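One structure is given below, encoded as structure tokens.
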Amino acid sequence: MPGLSPAAHLGAILVALVMVFGVRVQDLDAGAFLGIRDVRGFSVYTPVFPGLAHIDQHEIFSPRFAGTKKIVLLGGSPVDSVGCDFTWSRRESSQRPNAAYSCSIAGQMNELLSAAGVTNWRVFNLARNGAGLTPMLYVYAQIRSLQPEIVIYGDDFPFLFLDNADANDLTAAQYAELEEHFAATAQTAGAWKAYHEHLVRRGLRPRFTPASWTDRPRMMASDLIFGRDDSASAVRRATIGNLLVAAFAQARDNTRVEAPLLPIRFAPLRNWEVAARAEPRPSSDDVAEIANPSPDPGFAYSQGLTLISTLQRLHGGTFWFTAFPDYDRRGDAEAAATLTAFGEYWRAHHVLFKSHVDLEMRPVYETYDGVHHTLYGNRIIAATLLSDLRASGLLEPSPGSP
Amino acid sequence: VPVIESSFEKQPPLVQRLKALASFLLASFLYTMALVLIVSALRAQQIADGQLTINFEYRAF
């Protein structure tokens, strides 16, 4: 704009500020003007756990993967595994944890599938840091309609049963949804009743407000610009702002670096033997629960696993339970015998069982506390899980791939 | 000494005003678009950060 005076530029900037913060042109609906009717394609999906109340924002619901065969990972932190190194677990540190989807087991499995030329399968990370069996049942109920071919529940056994299988992490409304899925299906009604009654006996008190860890992330500066809107990342209207945000997200996803942004950090000076035991896991209450004398007397909590296996079978899918590597329990005959007994029960209920408790992991470099793994440990687990699937003939290659 | 006048100055005052207004409106439009782009990029970054942040805020192992 030659000839425009500095004062006129200042005026134009003022007009722009009024248009964006006053009139909010970015919130104008451009859908009708651009002929956009279906806005689902513009939603910003996430490859990591989006919170129990926002499962629909997970990439498994993206139209992009509608025709893709799905492997779903469920479980707690060893499966979620977005931490690339020990900084993820250092609560006292104010330092930003080194975390990235590409470090996770799902991310690594997808890289391995891609490297092998397998294009018609994708692994989805729906595990959640700290989650026990009951919240994962809720997650499964939410994605059940997508009929995933394979579901793998990974666990540092018997973490999934601790704290009454995290029964109190769900709201009453979420239990009502579980009823709809499990009680309304003839094949699962009995197991659901037994599972639910067991939760009640062990102190189930459903929360009426969502637990803090299911909430959306904290408000940030740009919330002030766009407003606080739960539907912000799941686009409901084709506004100019939403379309641009989706375009930025699309560009970011398509240029995703398949490596962590920060270098992997090890703790070479850490006293491994002390460090591995310094973190009280599990808590004293949980120890009492485990030692009583089985982690799941009467296989009551295991009914939860049979719920998934039954529903998976109804659409021709499979369900795996995999015991994850545990440095402290390697070679523990008692723990192995317990797992074997559970494995037999689960297999009888169509849960494919595999124990990798003894899988060798190098301290510090591959596992930083015995049950959580660095990027390098996650890579080993990813390869092991894919190997299990291939050995079972479940993972057929895409047509035309070598 | 001959005085060289620009063609702009030779134009009638109304045309000059209209051109100035058009320049101002164009500048306002471009600044608005730039601002919308910036806030959209911030929002996209916020969503990306939030997606991982929710995993940092864990309860327990």
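Between A:ARG347 and A:ALA173, what length comes free when the chain is fully extended (0.36 nm per residue of separation minus the Cα-Cα distance, one decimal in nm)?
59.4 nm
Using a Förster distance of 25 Å, how high is the FRET efficiency between A:LEU261 and A:SER387, based on the Cβ-Cβ distance and rounded to 0.05?
0.30
Taking a ≥ b ≥ c as the square roots of the Cα gyration tensor eigenvalues, with a/c under 1.5 meaning rounded and otherwise prolate when a/b beats b/c, else oblate, which class fits region A:1-133?
prolate
Tell me the label-point distance for the pair A:GLU111, A:ALA66, using the 7 Å Cα-to-Cβ offset, in nm and rounded to one decimal.
3.1 nm
For the modelled label position 7 Å from the Cα of A:GLN147 along Cα-to-Cβ, which residues of region A:104-127 have backbone nitrogen atoms closer than 17 Å?
Under 17 Å, as judged by backbone N against the label point of A:GLN147, lie A:121-122 of region A:104-127.
Can you give me the distance in nm between label points at A:GLU197 and A:LEU34, each placed 7 Å from the Cα along the Cα-to-Cβ direction?
Using points 7 Å along Cα→Cβ, the separation is 5.5 nm.
Could you compute how fast region A:295-402 diffuses translationally, taking Rh as the Kirkwood radius over C-alpha pairs and applying Stokes-Einstein at 37 °C with viscosity 0.692 mPa s? Give it in µm² per second.
211 µm²/s
Which order results if A:LEU204, A:LEU244 are arranged by neighbouring Cβ count within 10 Å, fewest first?
A:LEU204, A:LEU244
Rounded to the nearest 0.05, what FRET efficiency do A:THR340 and A:SER294 give with R0 = 22 Å and r taken as the Cβ-Cβ distance? Could you check?
Using R0 = 22 Å, I get an efficiency of 0.95.
Measuring from label point to label point, each 7 Å out along Cα→Cβ, what is the A:ASP27 to A:ARG252 span in nm?
Computed distance between label sites A:ASP27 and A:ARG252 equals 2.2 nm.
Order by neighbour count: B:LEU14, B:LEU30, fewest other Cβ atoms within 10 Å first, most last.
Sorted ascending by nearby Cβ count, the order is B:LEU14, B:LEU30.
Where a number appears in this text, it was derived from the coordinates with a stated rule and is not lab data. Note that the coordinates shown come from a computational prediction; the quantities given were computed from them, not determined experimentally. Every residue, glycine among them, receives a Cβ derived from its backbone with ideal geometry; neighbour counts consider all protein chains shown.
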